[in-house]
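Undergrad: Mind having a look at this structure? Questions to follow.
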Amino acid sequence: MALTYEELARGIESIVPENGLKEKLALAEKEKRLLVVKFGMDPTAPDLHLGHAVGLKKLRQFQDAGHELCLIVGDFTACIGDPSGRNTTRPPLTADEVKANAKTYIEQLGKVVDMTKNIRVVFNGEWLNKMTAADMIKLLGKATLAQMMQREDFANRYEQNIPIALHELIYPLMQGYDSVMVRSDIEFGGRDQLFNCLVGKSLQESMGQPGQIVIGMPLLVGLDGKIKMSKSKNNYIGLTEPANDMYGKAMSIPDELIPDWVELVTNWTPDEKSRAVSDYKNGAVNPMEIKKKIAFNIVEQYHSKADAAAAEHFFYVQVQQRGFDTKEFQEVKASDLGLAAPCGLVDFGVAVMKGQSKSAIRRLIESGAVSVSGEKVTDINAKLEPTAEGLKIKIGKRGFYNLKP
């Protein structure tokens, strides 16, 4: 479908160079070709989240306008670890961890973009794993230490005498080389990715290619209201999380995030978004009521309207009314979860709470946030023995399960 420049540019935080998007669109029209629009993601955790969806939704607009999406899964770069926005070295992942995470990424992309047209999904290990030591040294010769130290996070860590590993300095070049290999016209990233994306533009130009333009998308602040949504900070809502969890997590955001979440997370029309933000700022509507609409819209986007209505009711009964209504417990079978009775409480928690680690479940248990048959359980070694009628288990504020054999 035809989209105007204004429609494509809405919601974009920055374009480098400033007139770059207009120029690239004009070039595509002149040459009668599709623009190659690059978006890279390192599979550092199993789930895509709403923060990823901010960029993916804009990519979908370019896709619907007829351009080609090139989604790069950073199976190689994930093993290095992107230092963007971090004050410590990111722990490296194993190849098996990256492979498992990448599989779920591919499955989840279809929640936002159309996986059937104008799209390429590639793994940067296809070319980066083939580089020899000589190739790597040649690539390193395209940048200077002074250039790398212009990154704000590197500069800050250096000033504070916080270690910077040499492999972290290489990361921007690895990401930039991806742009060379796919000959991208446009690269999307959050503001914390601007430096890496511009390295890609520089490398393209040094290797005789037209330089890509860089589109910076706003960063979605996570559930804690402090830092960007991040899997490693566990302040995110995954795109495939259960509807009840999605709704409940969205309701937990601080009120001051409402304007940004209205703009970045909902799929409301521009007029609907403006009205909601105005209602919040003017105090015309209780913030909780606006958050309910946001939560409903999130669940509707990634599940269905019926699921959103059910999650809204669940939140009302289990949180607002603080009920323990047996009808609201989700029935799960130990056999379907791959668990043999009696099963460990920690193992059960990991199986039903997608994206949560064993250590996270242990912390919930030890903090008194887990109940079995209405009784609080703080023993991380507790075993569950379900009966035919089921065993009612509450994990955290939103996890209500009726475990059967």
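Undergrad: Going through the range 200-212 one residue at a time, which ones are surrounded by fewer than 23 Cβ atoms within 10 Å (Cβ to Cβ) and not charged (D, E, K, R)?
TA: Correct list: SER202, GLN204, SER206, MET207, GLY208, GLN209, PRO210, GLY211.
Undergrad: Another one. Taking the range 368-389 as the region of interest, how many residues are part of a loop (DSSP other than H, G, I, E, B) and farther than 17 Å from GLN318 by Cβ?
TA: Residues flagged as part of a loop (DSSP other than H, G, I, E, B) and farther than 17 Å from GLN318 by Cβ within the range 368-389 amount to 12.
Undergrad: Can you spot a residue in the range 169-180 that is part of a strand (DSSP E or B) and more than 30 Å from ALA360 (Cα to Cα)?
TA: No, the conditions are met nowhere in the range 169-180.
Undergrad: Kindly establish whether ALA146 is more than 21 Å from GLN212 (Cα to Cα), in the same structural domain as GLU205 (by TED's automatic domain parsing) and modelled with pLDDT of 95 or more.
TA: For ALA146, the condition - more than 21 Å from GLN212 (Cα to Cα), in the same structural domain as GLU205 (by TED's automatic domain parsing) and modelled with pLDDT of 95 or more - is not met.
Undergrad: Sticking with this one: Taking the range 181-201 as the search range and keeping residues that are modelled with pLDDT of 95 or more and hydrophobic (A, V, I, L, M, F, W, C), which one is nearest to CYS70 (Cα to Cα)?
TA: That would be VAL182.
Undergrad: If you scan the range 107-135, which residues turn out to be surrounded by 15 or more Cβ atoms within 10 Å (Cβ to Cβ) and either of a type in the set (Phe, Trp, Tyr) or outside any loop (DSSP other than H, G, I, E, B) (or both)?
TA: If the condition is that a residue be surrounded by 15 or more Cβ atoms within 10 Å (Cβ to Cβ) and either of a type in the set (Phe, Trp, Tyr) or outside any loop (DSSP other than H, G, I, E, B) (or both), then GLN108, LEU109, ILE119, VAL121, VAL122, PHE123, GLY125, TRP127, LEU128 are the ones that fit.
Undergrad: Looking only at the range 209-233, which residues are within 11 Å of the chain's Cα centre (by Cα) and outside any strand (DSSP E or B)?
TA: LEU219, LEU220, GLY222, MET229, SER230, LYS231, SER232
Undergrad: Any residue that is under 30 Å from GLU256 (Cα atoms) and modelled with pLDDT of 90 or more - is there at least one of those in the range 202-213?
TA: no
Undergrad: I've got another one for you. Considering only the range 9-30, state which residues are outside any loop (DSSP other than H, G, I, E, B), over 17 Å from HIS67 (Cβ atoms) and either not aliphatic (A, V, I, L, M) or not assigned by TED's automatic domain parsing to the domain that holds ILE119 (or both).
TA: SER14
Undergrad: If we scan the range 280-295, do we find a residue that is touching an Asp or Glu at 6+ places or on another chain (Cβ under 6 Å), more than 15 Å from VAL221 (Cα to Cα) and assigned by TED's automatic domain parsing to the domain that holds TYR316?
TA: Yes, the range 280-295 has at least one match.
Undergrad: If a residue has to be among the basic types (Lys, Arg) and within 17 Å of PHE400 (Cα to Cα) to count, how many in the range 363-387 make the cut?
TA: 1
Undergrad: Suppose we filter ILE170, ILE162, ILE253 for residues that are under 27 Å from SER357 (Cβ atoms), touching a residue at least 24 places away in the same chain (Cβ under 8 Å) and surrounded by fewer than 21 Cβ atoms within 10 Å (Cβ to Cβ); which single one remains?
TA: When all the criteria are applied, what remains is ILE162.
Undergrad: Kindly indicate whether MET207 is touching a residue at least 24 places away in the same chain (Cβ under 8 Å), closer than 18 Å to GLY74 by Cβ and touching a helix residue (DSSP H, G or I) at 6+ places or on another chain (Cβ under 6 Å).
TA: no
Undergrad: Could you list, in sequence order, the residues of the range 356-396 that are surrounded by 13 or more Cβ atoms within 10 Å (Cβ to Cβ), closer than 21 Å to GLU241 by Cα and not aliphatic (A, V, I, L, M)?
TA: GLN356, SER357, LYS358, ARG362, ARG363, LYS392, LYS394, GLY396, listed by residue number.
Undergrad: Checking the conditions here, which among ARG86, ARG33 is assigned to a loop (DSSP other than H, G, I, E, B), in the same structural domain as PHE154 (by TED's automatic domain parsing), at pLDDT below 90 and surrounded by fewer than 18 Cβ atoms within 10 Å (Cβ to Cβ)?
TA: Unique residue meeting the criteria: ARG86.
The values are calculated or read from the model by the stated rules, or taken from the named source; none is laboratory data. All of these numbers come straight from a predicted model, not from anything done at the bench. Reconstructed Cβ throughout: ideal geometry from the backbone, glycine too, with neighbour counts over all protein chains shown.
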